[in-house]
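The values are calculated or read from the model by the stated rules, or taken from the named source; none is laboratory data. Since the structure is predicted, the reported quantities are computational estimates derived from the model, not experimental observations. Methodologically, a virtual Cβ is constructed for each residue, glycine included, from the backbone with ideal geometry; neighbour enumeration extends over all protein chains shown. Please note that ligands, DNA and RNA were not included when accessible areas were found on the heavy atoms of the full protein model with its side chains. Shrake-Rupley method; radii C 1.70, N 1.55, O 1.52, S 1.80 Å.
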Amino acid sequence: MTALRVRGLGVLLPSVTAPDDPSFPDRPVHAVDGFDVRERLGRRGTSFFDRTTALAVAACADALRDAGVDAGAQQPQDRIGVVLATTLGSFRSTSDFTRETLVQERPYLVNPMLFPNTVMNCAAGQSAIRLGLRGVNATVAGGPVAFLHALRYAADVLARGYADLMVVGAAEELSPHRVWSQVLTRGGSGAACGESAAAFVVGRDDDGSTGGTGTRILAAAAGYGPDGRRAEALSGCVRRALDRAGVAATEVDLVVTAETGPDDHGQFEAATRALGHRPRHRQVTAAFGDCDAATPAVGLAQLILNRRARPEKPGTTALLVAEGLDGAAAAALVRSPQCR
């Protein structure tokens, strides 16, 4: 994998709230409070955005602005692409549209304007249309590991010369559908459901550019460990990421996981077995809820935001890890230098 340099960041972080909506289970959730798509993006063209699409477009726009990139003015628009990670797009849009086909009068008089929201690449497509990104456009659907796959995808696109810059991100909305899905599949255990969006403008680390956030994504690796072998697969991902980056395990001083609390440490244990020591540990889900595909993206955003808030601190070599319920595993190695 070609190393990437992060040039800009856009992120929408959630806070804990108790929804005043009887369709939600009786449990706290993490929502992006005060987000209004019309205030952020205007009325034109946003009337039929679902929340996933709105969050994604806003995060991508913020990332481009933070990077100082004007897709139309600075370079050919077909040299800037976008890849977004998701679990299955907007669960609410898909479910509600399907319901309409059952309850409306024949011949199923559903609103055709709502159909584009039911496909998983809606957010990536709308981001490209609205922001003028005419390069490679892709959606990676892989649940908790999707964002790390999206980083690998972006690195491949840049390494092959198909684009000069890529916007890489993830977005997950909060809806009763997602909350009930988590309750039913996980028995009500684990972190509260959360929504968030994060996007990053990335380019090749060796393209001679300077500036940006200073954060570099050195390598990423993915694996699969079904039938109880998920921890082994995750350890293997960590070892491969280290090998590809040419980084010694002793250099890693932070492991960022999607774990929920002190009793949930399977990902951290699998990572430390591969590292041979126990670095500092940050649990993204414990702070922001279970954001599915957006969880590792929020973890990367935290690294960059913390670096900006405390530039005098020493640089960090961090390991982002993620696991899926199906045995999927992934890891990425990130380095943030001291700012001054």
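Of the residues contained in the range 53-67, none is found to be among the β-branched types (Val, Ile, Thr) and touching a strand residue (DSSP E or B) at 6+ places or on another chain (Cβ under 6 Å).
Every condition in (1) at pLDDT 95 or above; (2) more than 29 Å from Val32 (Cβ to Cβ); (3) not hydroxyl-bearing (Ser, Thr, Tyr) is met by Ile217 except one, and the failing one is (2). The sole residue among Asp66, Asp36 that is within 30 Å of Asp207 (Cβ to Cβ), open to solvent by 10 Å² or more (accessible area, probe 1.4 Å) and not aliphatic (A, V, I, L, M) is Asp66.
A quick yes/no check of all residues on (1) charged (D, E, K, R); (2) part of a loop (DSSP other than H, G, I, E, B):
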position: Ala274; (1), (2): no, no
position: His281; (1), (2): no, no
position: Ala294; (1), (2): no, no
position: Ala301; (1), (2): no, no
position: Arg308; (1), (2): yes, no
position: Leu319; (1), (2): no, no
position: Ala322; (1), (2): no, no
position: Leu325; (1), (2): no, yes
position: Ala332; (1), (2): no, no
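Would you point out the residue of the range 275-302, among those that are more than 19 Å from Ala31 (Cα to Cα) and among the charged types (D, E, K, R), that is surrounded by the most Cβ atoms within 10 Å (Cβ to Cβ)? Here the residue is Arg282. Looking across the range 131-164, the residues that are in contact with a helix residue (DSSP H, G or I) (Cβ under 7 Å, 6 or more places away or on another chain) and either more than 24 Å from Gly327 (Cα to Cα) or of a type in the set (Val, Ile, Thr) (or both) come down to Leu131, Gly132, Leu133, Arg134, Gly135, Val136, Asn137, Thr139, Val140, Ala163, Asp164.
So Leu109 clears everything in (1) in contact with an Asp or Glu (Cβ under 9 Å, 6 or more places away or on another chain); (2) open to solvent by 40 Å² or more (accessible area, probe 1.4 Å); (3) in a helix (DSSP H, G or I) except one condition, right? Which one? Checking Leu109 against (1) in contact with an Asp or Glu (Cβ under 9 Å, 6 or more places away or on another chain); (2) open to solvent by 40 Å² or more (accessible area, probe 1.4 Å); (3) in a helix (DSSP H, G or I), the one that fails is (3). Cβ-Cβ distances below 6 Å connect no pair with a first residue in the range 296-315 that is free of Cβ contacts under 8 Å to residues at least 24 places away in the same chain and within 11 Å of Ala170 (Cβ to Cβ), a second residue that is open to solvent by 10 Å² or more (accessible area, probe 1.4 Å) and part of a helix (DSSP H, G or I), and a separation of six or more residues or different chains.
Taking the criterion of being polar (S, T, N, Q), in contact with a Leu (Cβ under 9 Å, 6 or more places away or on another chain), touching a residue at least 40 places away in the same chain (Cβ under 8 Å) and open to solvent by 10 Å² or more (accessible area, probe 1.4 Å), the only residue of the range 203-252 that qualifies is Thr213.
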